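For reference, the structure is listed below as structure tokens.
The values are calculated or read from the model by the stated rules, or taken from the named source; none is laboratory data. The shown structure was predicted, so the numbers you read here are calculated from the model rather than taken from an experiment. For neighbour counting, all protein chains shown are included, and Cβ atoms are generated from backbone atoms with ideal geometry for every residue, glycine included. Protein only, heavy atoms only, side chains kept; ligands, DNA and RNA dropped before computing areas. Shrake-Rupley method; radii C 1.70, N 1.55, O 1.52, S 1.80 Å.
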Amino acid sequence: MVKVVKFGGSSLADATQFKKVADIIHSDPERRYVVPSAPGKRFKDDIKVTDLLYKAYYAKSGKEFGKTFETIRQRYQDIIDELNLKLDLSEEFDKIKKAFKDQVSIEYAASRGEYLNGIVLANYLGFEFIDPATVIFIDEHGNYDAEMTDPKLSEKLASVENAVIPGFYGAKNDGSNEIKTFSRGGSDVTGSIVAKNGNVSLYENWTDVSGCLIADPRIVDNPDVIGTITYKELRELSYMGASVLHENSIFPVRSQGIPIVIKNTNKPEDAGTLIVESTCHKPDHVITGIAGKKGFATIMIEKDMMNSEIGFGRKVLQVLEDNQLSFEHTPSGIDTMTIVVETKAFIDKEQQILAGIHRAVEPDSIELESDLALIAIVGRGMRDGRGTAAKVFTALAQKNINIKMIDQGSSELNIIVGVKNIHFEEAIRAIYDMFITNEKKNDR
Ligand code: ASP
């Protein structure tokens, strides 16, 4: 079995973290390919190396540039010194400094965090260093070019026993060999691409939490970790704001049926969360997770006899399309149609869209309401269960929270409720308690 291990920035923030990472890798010979991020925060108000690189790039030259560049250099030097490595990065830093002065490109600048960390980690582990600029190709939109990447990367990986392949960047796919990065957090994507091409059976994504949590820990105190989650469930939760993995990191492994496990570098003994295509593992609870977002608005359109007017919905949605606005949900009644949109995207086009709807379908009235929050209650366990919706509504009713909208996907994988922004946190806590805290109490 071969495993890819990706370590996030906090897992490689300093020499102490490097030691933990090396212990994890050396404890399992199957961990053959390693994808590091750039050094992240060592403490709450620290600055990630990637952010320092952006800062240095914008400073261009002068005092500010010199100071920031020196901070970056020192971060690596501290790691090298504390690990007692015989590694001299001065030539690398001279080259990088010159490139910064020549304003090579912002993507080149940002990528150096992973590049340098890869060199240090490869040296420390005694693994080969593979520069992703030679094997990973990225298009102008920041998506990886599978056709160009896969043959080159798989050939390279097959030729090495162990390797460190820095995350987050590659080369442009236009033959220019210029550096191109993924969007922020993109080392997850690199891990996934390496997993796809390294003939591996598991992609381990190491971070500073023991897996995906059932709810946002800023809202729910100490929420439980999700044991096993499917890609579909994860997609639903991520879309609704749960930040677990970079969006684009799912497809490459999913296409090969490779599971991902999220693990904690600081507590490697914890099981973590396993992300799979499909599973017979019964979920620990009826619901797998809860996530939500504030900042939605509703457009409620009313017209007598709307139900018999064929093409009504299409005409309304055409107005949104003409205004380049995507919608989240469209709950409807007999003579009403409501469209839920993101307030931020809607607000500047509001009057244009109202006028467009008036012209398109001549409604009796249109009412707008903002300050709506959407909460998704997600779980494959719902399909076989009874009373899930009833429990959600009871939880909210007990807290006197008014439900403004309900939507259950036909996949029976989620229930979405809309509540006022001000009720958002309390609603999530009430749902969590209903499904998790109370269930655990009943089990006792
Ligand atoms: N270092 C990059 C960032 O901070 C990429 C990553 O960590 O995945 O976004």
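For the stretch 137-155, the tally of residues that are charged (D, E, K, R) and in contact with an Asp or Glu (Cβ under 7 Å, 6 or more places away or on another chain) stands at 2.
For every residue, the table says whether it meets (1) open to solvent by less than 20 Å² (accessible area, probe 1.4 Å); (2) under 17 Å from Gly8 (Cβ atoms).
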| site | (1), (2) |
| --- | --- |
| Leu237 | yes, no |
| Pro252 | yes, no |
| Ser255 | no, no |
| Ile258 | yes, no |
| Asn264 | yes, yes |
| Ile275 | yes, yes |
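Going through (1) in contact with a helix residue (DSSP H, G or I) (Cβ under 9 Å, 6 or more places away or on another chain); (2) among the polar types (S, T, N, Q); (3) more than 12 Å from Met434 (Cβ to Cβ); (4) open to solvent by 50 Å² or more (accessible area, probe 1.4 Å) one by one, Asn414 falls short only on (4).
Restricting the stretch 257-278 to residues that are in contact (Cβ under 8 Å) with a residue 60 or more places away in the chain and of a type in the set (S, T, N, Q) leaves a set whose member that is nearest to Pro223 (Cα to Cα) is Thr273.
Let's see how each residue does on (1) buried (at least 22 other Cβ atoms within 10 Å of the Cβ); (2) in contact (Cβ under 8 Å) with a residue 12 or more places away in the chain:
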| position | (1), (2) |
| --- | --- |
| Ser90 | no, no |
| Ile96 | yes, yes |
| Phe100 | no, yes |
| Ile106 | no, yes |
| Ile119 | no, yes |
| Thr134 | no, yes |
| Asp145 | no, yes |
| Ser154 | no, yes |
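A Cβ distance below 6 Å, combined with a sequence gap of six or more or placement on separate chains, defines the contacts here; from the stretch 57-70, residues that are over 16 Å from Val104 (Cβ atoms) and free of Cβ contacts under 8 Å to residues at least 60 places away in the same chain reach residues that are among the basic types (Lys, Arg) and surrounded by 12 or more Cβ atoms within 10 Å (Cβ to Cβ) in the pairs Thr68/Lys55. When the criteria are applied in full, Asp78 meets the requirement of being more than 12 Å from the ligand (Cβ to nearest atom), touching a helix residue (DSSP H, G or I) at 6+ places or on another chain (Cβ under 8 Å), farther than 22 Å from Gly186 by Cα and open to solvent by 50 Å² or more (accessible area, probe 1.4 Å). If we keep just the residues of the stretch 301-339 that are aliphatic (A, V, I, L, M) and open to solvent by 30 Å² or more (accessible area, probe 1.4 Å), which is farthest from Tyr239 (Cα to Cα)? Ranking the candidates gives Met305 first. Any chance you could count how many residues in the stretch 9-49 are open to solvent by less than 10 Å² (accessible area, probe 1.4 Å), farther than 13 Å from Leu125 by Cβ and within 16 Å of the ligand (Cβ to nearest atom)? Going through the stretch 9-49 one residue at a time, the tally reaches 6.
It is to be established whether one or more residues within the stretch 277-290 are touching a Ser or Thr at 6+ places or on another chain (Cβ under 8 Å), open to solvent by 20 Å² or more (accessible area, probe 1.4 Å) and not in a loop (DSSP other than H, G, I, E, B). Taking every residue of the stretch 277-290 in turn, none turns out to be touching a Ser or Thr at 6+ places or on another chain (Cβ under 8 Å), open to solvent by 20 Å² or more (accessible area, probe 1.4 Å) and not in a loop (DSSP other than H, G, I, E, B).
For the stretch 136-166, a residue qualifies if it is within 17 Å of Pro252 (Cα to Cα) and polar (S, T, N, Q), and the qualifying residues are Asn143, Thr149, Ser154. Go through the residues of the stretch 178-194 one by one and say whether even a single one is surrounded by fewer than 24 Cβ atoms within 10 Å (Cβ to Cβ), touching a Lys or Arg at 6+ places or on another chain (Cβ under 9 Å), in contact (Cβ under 8 Å) with a residue 12 or more places away in the chain and within 25 Å of His26 (Cβ to Cβ). For the stretch 178-194, residues surrounded by fewer than 24 Cβ atoms within 10 Å (Cβ to Cβ), touching a Lys or Arg at 6+ places or on another chain (Cβ under 9 Å), in contact (Cβ under 8 Å) with a residue 12 or more places away in the chain and within 25 Å of His26 (Cβ to Cβ): absent. Of all residues in the stretch 340-367, those satisfying the criterion of being open to solvent by 70 Å² or more (accessible area, probe 1.4 Å), more than 12 Å from Leu320 (Cβ to Cβ) and under 35 Å from the mean Cα position of the chain (by Cα) are Lys344, Ile347, Asp348, Gln351, Glu367. Restricting attention to the stretch 218-258, the residues that are of a type in the set (Gly, Ala, Ser) and within 10 Å of the chain's Cα centre (by Cα) add up to 5. Residues that are open to solvent by 80 Å² or more (accessible area, probe 1.4 Å) and charged (D, E, K, R) were ranked within the stretch 50-69; the one that is modelled with the lowest pLDDT is Lys60.
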